[in-house]
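Peer 1: Dropping the structure in here first, questions after.
The values are calculated or read from the model by the stated rules, or taken from the named source; none is laboratory data. Everything numeric in this text was worked out from a predicted model, so none of it was measured. Every residue, glycine as well, gets a Cβ built from its backbone with ideal geometry; the counts of neighbours run over all protein chains shown. Only protein heavy atoms, including side chains, enter the accessible area calculation; ligands, DNA and RNA are left aside. Shrake-Rupley method; radii C 1.70, N 1.55, O 1.52, S 1.80 Å.
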Amino acid sequence: MLLSIQHADAAYGGDTILHDISFDVREGEKVAVVGRNGCGKTTLLKLITGEITPPSRDADTQPTIVKTGNPTIGWLSQMTFADENATLGDEIRSVFAPILQMKARMEELLSLIEQNADEKLVAEYSALEERFTYLGGYRYEKDYELVFSRFGFSKEDEGRLLKEFSGGQRTKIAFIKLLLSKPDLLLLDEPTNHLDISTIAWLEGYLAEYPRALVVVSHDRLFLDRVADTVFEIERGKLTRYPGNYSDFVKRKKENYDKQMKDYLAQQKEIARLEQVAERFIHKPTKVSMARSKLKAIEHMDKIEKPEEYDLKAFHTMTEPARESGNDVLLVENLGIGYDELLTKVSCHIQKGQKIGIIGGNGLGKSTFMKTLMKKIPAKGGKVTFGHGVECGYFEQQMAQVVSTKSVLNEFWDEYPTLTETEVRNILGGFLFTGDDVFKEVTSLSGGEKVRLALAKLFQTRPNFLLLDEPTNHMDIVGKEALEDMLSDYKGTLLFVSHDRYLVRQLADALLIFRPGETEFFPFGYEEYERTYGKEKLQSSAEVWQIDTAGKKSTEPADRAEEKPVEENAKKGYNPGKEKAKMERRLARLEVLMEECDAKKEELNAALADPQYASDYVKLGEIQKEIDELTAQADAYLEEWGVLSERLENPQ
C-alpha cells in the first residue's frame, strides 16, 4: 500500500463535506475520483498532500494517514516558478536537477572504482544507478522533447522568458514540469481542461503507461475510461470504492443499487409477513409462543438498509422546437473566417435533424466559425445560407461570464415578461434554481450556475437550430449526462463545439474537423473518427483511409493511391499543395514515432539487464519479443519516412 487514509473527516466553510472516509492507493494504481461539483474531490487531494489535516474524532476511530516508503507526491497546484526571468527551457529542465546530480556522482564513483574497486563504492554506485534508472535518467532528454512538443511548444519557445507566456501557457508549463518530475504518486485535478483532443489522446496513453500511482479528478468520462483502473465516488460525504474504469463504475453502482433494493424489499416483505402472523396470534393463548418466536425472528435479522437514491438531481426542460424548419438548415460555401488574418475556409451542408460536432485543436477557428455564422464577426469571403423557417438558438462561453446585480428570477423574467412568476419559478426549478436560489445575484453565481441560467433562457425560445459553443464547461458529470439526455431528445438540428469527447461520441452523427489552415466535413460519428484518425491508423505504413464523396472507405495502400494518374486524382479533388502539406505533417509525425520506439527500446533493454529478471526466462522472452516488435515497427516507420522524403524531394 502506497498511501492509506482511514476514518478521516474534512470540512469546508464550516460544513463537514467528507465524513469518516477510507481511501487507499496501491503502487502503480490509477485511481479516479468522481462526484458532483462541491462534493469534496479537491479537498481529498489536499488531505493526500497534507495541505489540510483531518480533525480528531472519538478515541476508537482516530484518523490516520499512512504513507509507505516516504513517496514523492506531485500536484499541479504545487508547481511554482522560482524566477520569472528564467527561460522556458531552463525552467522545465530544472526538474532534472536530481538526475543530473546523480549522473555526476555516478561518473565520479566510476572514476574512483577504476582506481580502487572498494565494495562500499561499488554498492553506492549500484544503488545510485538503480535510482537513476527508476527516475528515467537514461531517457530524460527524450522525455523532455516528447512532452515539450506534445503540449504545443516549439524549439523557438525554449529561449523565451517565463513572464512572456500567457496564463494558459504557464499552466501547461507547470503541467510539463509535473509529468517530467515523475513523482511516486501523481495527483491531477481536471488535467484535460484547456487541452485539445489530440493532446488529450496522447496524455491518456502516457498516463495509462505511467509506471507509478495516479489519482485523478476529472469530469472527462472517456479520459477516465481509458486511464483509471479504480474509481472512488464521493456522494453525500461518503467515499465508495469501485474496481475498474468509469464505465465499470456506472455499471457496478447500478448493479449494487438494484441488488440492495431487491434484498431490502424482500426483507421488508418477510418482516411484514412475520408481523402479520404475530399480530394475528399474539392474543390467542395457544399461539402466543409462536407469535413471540416470529417477533424474535424479526429482532435477530441483520437489517438491510434501504439504498439511498442516486444523487441524480439535474436540470430538464422542453426539447420540442416551437416550429419545424425546412429540410435544408444551413449551407456554408467556402466561408472565410478569422479576425485580422484568414484562419481557414469552411464548407458544409447541414440538414434537418442532424447533430454535428465540431472538433479540433485550440485556436484553429471553431468558436470563430460559430461567431461568423451568427454575424458577431464579419466573414472573409464565401457564403452562408440559412434554410426556410430556421430559428437559431446560440450559446457561447461569454454567456457564462455575465455580470449582473439582478436576481436569477428577475434576470430570467425580464427576458420573458409575459410569463407568470409561478411559470418562471417552475422553469428555473427545472435548471436547479429552487427555493431561495432564485433570489441570488447573478454576479455571485458559480460558472456552472451561470451556464444553467444561460441554457434556461436559451431553451425557452424553443429554437429549431441550436448552435452551442462548449456548453458543458464548468459542469459536473451528472450535469453533462443530463444535458446529453436533453440534447439527445431534442427534435431540432444541432451544431456544437466541444472538447468533451464522450459528449461528441454520444450525440454527433457527423463531424466538422478543424485542422491548421483547413477543415473537413466527416460524415460519420466520433467512434469512426477515432478508428480513422485518433489511433494513428491514418496513413500508417500499411494503408491510408480515404473518404470519398459517397462516404465510402478505401483501404488502398498509400503508395498505390499516390501512383494514380493525375486525371483520376483531379476527379477526386486532388490538390498538390494540400498533398505536400499532408506529407510534411506525416514526416514530422513519423520522426516522433521513431523517437518513441527508440525510447521504449531503451527502457526494455535496461529491463533485460535488470538482475531481478536474470533467471526469469519467461519474462526475458516477453521483453525480447516486445523489443523485436518495436524494432520491426521502427523499421516500417523508417521505410515510410524514406518514401515520403523521396517524393517531397522529387515530386512527379
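Peer 1: Just give me the residues in segment 374-425 being in a loop (DSSP other than H, G, I, E, B), over 30 Å from Leu343 (Cβ atoms) and open to solvent by less than 50 Å² (accessible area, probe 1.4 Å), in sequence order.
Peer 2: Gly389, Ser404, Tyr416, Leu419
Peer 1: Right, something else. If I ask for residues that are of a type in the set (Phe, Trp, Tyr), open to solvent by less than 10 Å² (accessible area, probe 1.4 Å) and without any contact (Cβ under 8 Å) to a residue 40 or more places away in the chain, which ones from segment 520-535 would you list?
Peer 2: Restricting attention to segment 520-535, the residues satisfying the condition of being of a type in the set (Phe, Trp, Tyr) are 521-522, 524, 526, 529, 533.
Next cut, open to solvent by less than 10 Å² (accessible area, probe 1.4 Å) only: 522, 526.
Across segment 520-535, the qualifying residue is only Phe522.
Peer 1: Cβ-Cβ below 6 Å, separation at least six or inter-chain, first residue in segment 502-519 and in a loop (DSSP other than H, G, I, E, B), second open to solvent by less than 10 Å² (accessible area, probe 1.4 Å): which pairs?
Peer 2: Sorted first by the residue in segment 502-519, then by its partner, the pairs are Ala508/Gly357; Ala508/Tyr526; Gly517/Thr344.
Peer 1: Mind telling me which of the residues Thr385, Thr368, Thr319 ends up being within 21 Å of Gly492 (Cβ to Cβ), of a type in the set (Ser, Thr, Tyr) and free of Cβ contacts under 8 Å to residues at least 60 places away in the same chain? Write out each step before concluding.
Peer 2: Details: Thr368 fails: within 21 Å of Gly492 (Cβ to Cβ); Thr319 fails: free of Cβ contacts under 8 Å to residues at least 60 places away in the same chain.
Within the list Thr385, Thr368, Thr319, the selection yields Thr385.
Peer 1: Does Leu187 fit the bill of being within 25 Å of Thr472 (Cα to Cα), assigned to a helix (DSSP H, G or I), open to solvent by less than 30 Å² (accessible area, probe 1.4 Å) and in contact with a strand residue (DSSP E or B) (Cβ under 8 Å, 6 or more places away or on another chain)?
Peer 2: Criteria not met by Leu187.
Peer 1: Only one of (1) open to solvent by less than 80 Å² (accessible area, probe 1.4 Å); (2) of a type outside the set (S, T, N, Q); (3) within 18 Å of Tyr140 (Cα to Cα) is not met by Glu84, so which one is it?
Peer 2: Every listed condition holds for Glu84 apart from (3).
Peer 1: Going by what's in this entry, would Arg150 be described as charged (D, E, K, R), in contact with a Leu (Cβ under 6 Å, 6 or more places away or on another chain) and touching a residue at least 24 places away in the same chain (Cβ under 8 Å)?
Peer 2: For Arg150, the condition - charged (D, E, K, R), in contact with a Leu (Cβ under 6 Å, 6 or more places away or on another chain) and touching a residue at least 24 places away in the same chain (Cβ under 8 Å) - is not met.
Peer 1: Quick check on my filter: what residues within segment 486-501 are within 26 Å of Val250 (Cβ to Cβ) and either without any contact (Cβ under 8 Å) to a residue 40 or more places away in the chain or surrounded by fewer than 20 Cβ atoms within 10 Å (Cβ to Cβ) (or both)?
Peer 2: If the condition is that a residue be within 26 Å of Val250 (Cβ to Cβ) and either without any contact (Cβ under 8 Å) to a residue 40 or more places away in the chain or surrounded by fewer than 20 Cβ atoms within 10 Å (Cβ to Cβ) (or both), then Met486, Leu487, Ser488, Asp489 are the ones that fit.
Peer 1: Give all pairs with beta carbons closer than 6 Å in which a residue from segment 601-618 that is farther than 26 Å from Asp635 by Cα meets a residue that is at pLDDT 75 or above and outside any loop (DSSP other than H, G, I, E, B); count only pairs at least 6 apart in sequence or on separate chains.
Peer 2: Pairs found: Tyr613/Lys619; Tyr613/Leu620.
Peer 1: Going through Gly74, Gly40, Gly28 one at a time, which residue ends up being modelled with pLDDT under 90, under 17 Å from Val215 (Cα atoms) and either buried (at least 16 other Cβ atoms within 10 Å of the Cβ) or under 28 Å from the mean Cα position of the chain (by Cα) (or both)?
Peer 2: Values: Gly74 fails: modelled with pLDDT under 90; Gly28 fails: modelled with pLDDT under 90.
Every option except Gly40 fails the conditions.
Peer 1: Can you tell me which residue within segment 605-640, out of those that are polar (S, T, N, Q) and either within 35 Å of the chain's Cα centre (by Cα) or under 21 Å from Glu595 (Cβ atoms) (or both), is least open to solvent (accessible area, probe 1.4 Å)?
Peer 2: Pass one, segment 605-640, residues polar (S, T, N, Q): 605, 612, 615, 624, 631, 633.
Now restrict to residues that are either within 35 Å of the chain's Cα centre (by Cα) or under 21 Å from Glu595 (Cβ atoms) (or both): 605, 624, 631, 633.
Values: Asn605: 78, Gln624: 75, Thr631: 45, Gln633: 71 Å².
Among those that are polar (S, T, N, Q) and either within 35 Å of the chain's Cα centre (by Cα) or under 21 Å from Glu595 (Cβ atoms) (or both), it is Thr631.
Peer 1: Restricting attention to segment 236-246, which residues are in contact with an Asp or Glu (Cβ under 6 Å, 6 or more places away or on another chain) and either within 18 Å of Leu503 (Cα to Cα) or open to solvent by less than 40 Å² (accessible area, probe 1.4 Å) (or both)? Steps first, please.
Peer 2: Step one: filter segment 236-246 for residues in contact with an Asp or Glu (Cβ under 6 Å, 6 or more places away or on another chain), giving 240, 245-246.
Hits for segment 236-246 are Asn245, Tyr246.
Peer 1: Then there's this: Determine which single condition Phe232 fails, assuming it passes every other condition in (1) out of contact with any strand residue (DSSP E or B) (no Cβ under 6 Å at 6 or more places or on another chain); (2) among the aromatic types (Phe, Trp, Tyr); (3) open to solvent by less than 10 Å² (accessible area, probe 1.4 Å).
Peer 2: Exception for Phe232: condition (1).
Peer 1: Next question. Inside segment 465-485, can you point out the residues that are open to solvent by 10 Å² or more (accessible area, probe 1.4 Å), aliphatic (A, V, I, L, M) and farther than 20 Å from Pro191 by Cα?
Peer 2: Ala482
Peer 1: For segment 287-306, which positions are of a type in the set (A, V, I, L, M), at pLDDT 85 or above and farther than 11 Å from Leu274 by Cβ?
Peer 2: Ile304
Peer 1: Considering only residues of segment 87-119 that are among the charged types (D, E, K, R) and surrounded by 15 or more Cβ atoms within 10 Å (Cβ to Cβ), which is nearest to Leu135 (Cα to Cα)? Explain how you work it out, then say what you get.
Peer 2: First, pick out the residues of segment 87-119 that are among the charged types (D, E, K, R): 90-91, 93, 103, 105, 107-108, 114, 118-119.
Within this subset, residues satisfying the condition of being surrounded by 15 or more Cβ atoms within 10 Å (Cβ to Cβ) are 91, 93, 103.
Details: Glu91: 18, Arg93: 14, Lys103: 11 Å.
So, considering only residues that are among the charged types (D, E, K, R) and surrounded by 15 or more Cβ atoms within 10 Å (Cβ to Cβ), the one nearest to Leu135 (Cα to Cα) is Lys103.
Peer 1: Which condition number does Phe81 fail, the rest of (1) assigned to a loop (DSSP other than H, G, I, E, B); (2) of a type outside the set (D, E, K, R); (3) under 30 Å from Arg226 (Cα atoms); (4) in contact (Cβ under 8 Å) with a residue 60 or more places away in the chain being met?
Peer 2: (3)
Peer 1: Which of the following residues is more than 19 Å from Thr631 (Cβ to Cβ) and assigned to a helix (DSSP H, G or I): Ala599, Ala606, Ala588? Explain how you work it out, then say what you get.
Peer 2: Numbers: Ala599 fails: more than 19 Å from Thr631 (Cβ to Cβ); Ala606 fails: more than 19 Å from Thr631 (Cβ to Cβ).
Matching residue, one of Ala599, Ala606, Ala588: Ala588.
Peer 1: From the list Glu141, Glu145, Glu209, which one is exposed (fewer than 15 other Cβ atoms within 10 Å of the Cβ) and either among the basic types (Lys, Arg) or touching a Phe, Trp or Tyr at 6+ places or on another chain (Cβ under 9 Å) (or both)? Explain how you work it out, then say what you get.
Peer 2: Values: Glu145 fails: either among the basic types (Lys, Arg) or touching a Phe, Trp or Tyr at 6+ places or on another chain (Cβ under 9 Å) (or both); Glu209 fails: either among the basic types (Lys, Arg) or touching a Phe, Trp or Tyr at 6+ places or on another chain (Cβ under 9 Å) (or both).
Exactly one of Glu141, Glu145, Glu209 is exposed (fewer than 15 other Cβ atoms within 10 Å of the Cβ) and either among the basic types (Lys, Arg) or touching a Phe, Trp or Tyr at 6+ places or on another chain (Cβ under 9 Å) (or both), namely Glu141.
Peer 1: Quick one: Gly326 ticks every box in (1) closer than 30 Å to Gly448 by Cβ; (2) out of contact with any strand residue (DSSP E or B) (no Cβ under 8 Å at 6 or more places or on another chain); (3) among the small types (Gly, Ala, Ser); (4) at pLDDT 90 or above except a single one, so which number is it?
Peer 2: (1)
Each row is one residue, and each column tells you yes or no for (1) in contact (Cβ under 8 Å) with a residue 60 or more places away in the chain; (2) over 30 Å from Leu178 (Cα atoms); (3) not acidic (Asp, Glu).
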| residue | (1), (2), (3) |
| --- | --- |
| Ser218 | yes, no, yes |
| Asp229 | yes, no, no |
| Thr240 | no, no, yes |
| Lys254 | no, yes, yes |
| Tyr257 | no, yes, yes |
| Ala278 | no, yes, yes |
